[in-house]
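**Q** Quick one: the structure is below, and I'll ask about it shortly.
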Amino acid sequence: AGSDFGREAVDTLLKLMEDHRDEVVVIVAGYTEEMARFLASNPGLASRFSRTVDFEHYSTDELVEIMSRHATASGYDCAPETVEALLKYVAGLPRDRSFGNARTARQILEAMMTRQARRIGPMAAPGLDDLRLLLPEDLPTDTRQAAG
């Protein structure tokens, strides 16, 4: 039943692309292997998706920069020692099939914000610096917690 739905969806997509070829742009995205299977699922697909773009994984430095920028945009600051701890933490993450690239960076930052909130929660009157500053101890303790 699932493959029937998939086939029907592909057929519908192909019809849309053919009937409105001068009006519509279709972008599909996914992991390389899954996209190859998708394009091979129907003879008309590969010819209609003639351009592919492969995105490289971000480097450790780039991922930490992404986290720092998102932290700033969310009203947080990373202490210099936090940036150093992040570099070590991210460098130690397994870059396997489950590695989510920028999604992993977002998940690490979200985990840090949660841990920071738990850390300052017991404080009687946290100051602005307490509320804004992410410290090394706010990093997740389990790399699996943030890598998926």
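**Q** Restricting to the stretch 1-30, name every residue that is of a type outside the set (Val, Ile, Thr), in a loop (DSSP other than H, G, I, E, B) and surrounded by fewer than 10 Cβ atoms within 10 Å (Cβ to Cβ). First the steps, then the outcome.
**A** Filtering the stretch 1-30 down to residues of a type outside the set (Val, Ile, Thr) leaves 1-9, 11, 13-23, 29-30.
Next, only the ones that are in a loop (DSSP other than H, G, I, E, B) stay: 1, 20-23, 29-30.
Of everything in the stretch 1-30, those that are of a type outside the set (Val, Ile, Thr), in a loop (DSSP other than H, G, I, E, B) and surrounded by fewer than 10 Cβ atoms within 10 Å (Cβ to Cβ) turn out to be Ala1, Asp22, Glu23, Ala29.
**Q** Now for a separate question. Can you find a residue that is within 14 Å of the chain's Cα centre (by Cα) and within 30 Å of Leu134 (Cβ to Cβ) anywhere in the stretch 84-91? Give the derivation first.
**A** So in the stretch 84-91, the residues within 14 Å of the chain's Cα centre (by Cα) come out as 90.
Of the ones still in play, those that are also within 30 Å of Leu134 (Cβ to Cβ) are 90.
Within the stretch 84-91 (the criterion being within 14 Å of the chain's Cα centre (by Cα) and within 30 Å of Leu134 (Cβ to Cβ)), the answer is yes, since at least one residue qualifies.
**Q** Sort out which residues of the stretch 54-107 are surrounded by 19 or more Cβ atoms within 10 Å (Cβ to Cβ) and polar (S, T, N, Q), and write them in order of number.
**A** Those that are surrounded by 19 or more Cβ atoms within 10 Å (Cβ to Cβ) and polar (S, T, N, Q): Ser68, Thr82, Thr104.
**Q** Taking Ser41, is it loosely packed, with under 11 Cβ neighbours inside 10 Å, over 30 Å from Asp129 (Cβ atoms) and of a type outside the set (Phe, Trp, Tyr)?
**A** Details: loosely packed, with under 11 Cβ neighbours inside 10 Å: no; over 30 Å from Asp129 (Cβ atoms): yes; of a type outside the set (Phe, Trp, Tyr): yes.
The answer is no for Ser41.
Residue by residue, here is whether (1) closer than 30 Å to Glu33 by Cβ; (2) among the charged types (D, E, K, R); (3) at pLDDT below 90; (4) not assigned by TED's automatic domain parsing to the domain that holds Gly30 holds:
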residue: Glu65; (1), (2), (3), (4): yes, yes, no, yes
residue: Arg69; (1), (2), (3), (4): no, yes, no, yes
residue: Arg95; (1), (2), (3), (4): yes, yes, yes, yes
residue: Ala105; (1), (2), (3), (4): yes, no, no, yes
residue: Leu135; (1), (2), (3), (4): no, no, no, yes
residue: Thr141; (1), (2), (3), (4): no, no, yes, yes
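**Q** Only helices (runs of 4 or more DSSP H) wholly contained in the stretch 40-148 count here; list those with 1 or more residues that are more than 30 Å from Val26 (Cα to Cα). Lay out the reasoning, then the answer.
**A** On the way: elements: 43-48, 60-73, 80-91, 102-120, 128-132, 143-147.
Here the list reads 60-73, 80-91, 102-120, 128-132, 143-147.
The values are calculated or read from the model by the stated rules, or taken from the named source; none is laboratory data. Here the structure is a predicted model, which means the values were calculated and not measured. Positions of Cβ are generated from backbone atoms using ideal geometry, with glycine treated the same way; all protein chains shown enter the neighbour counts.
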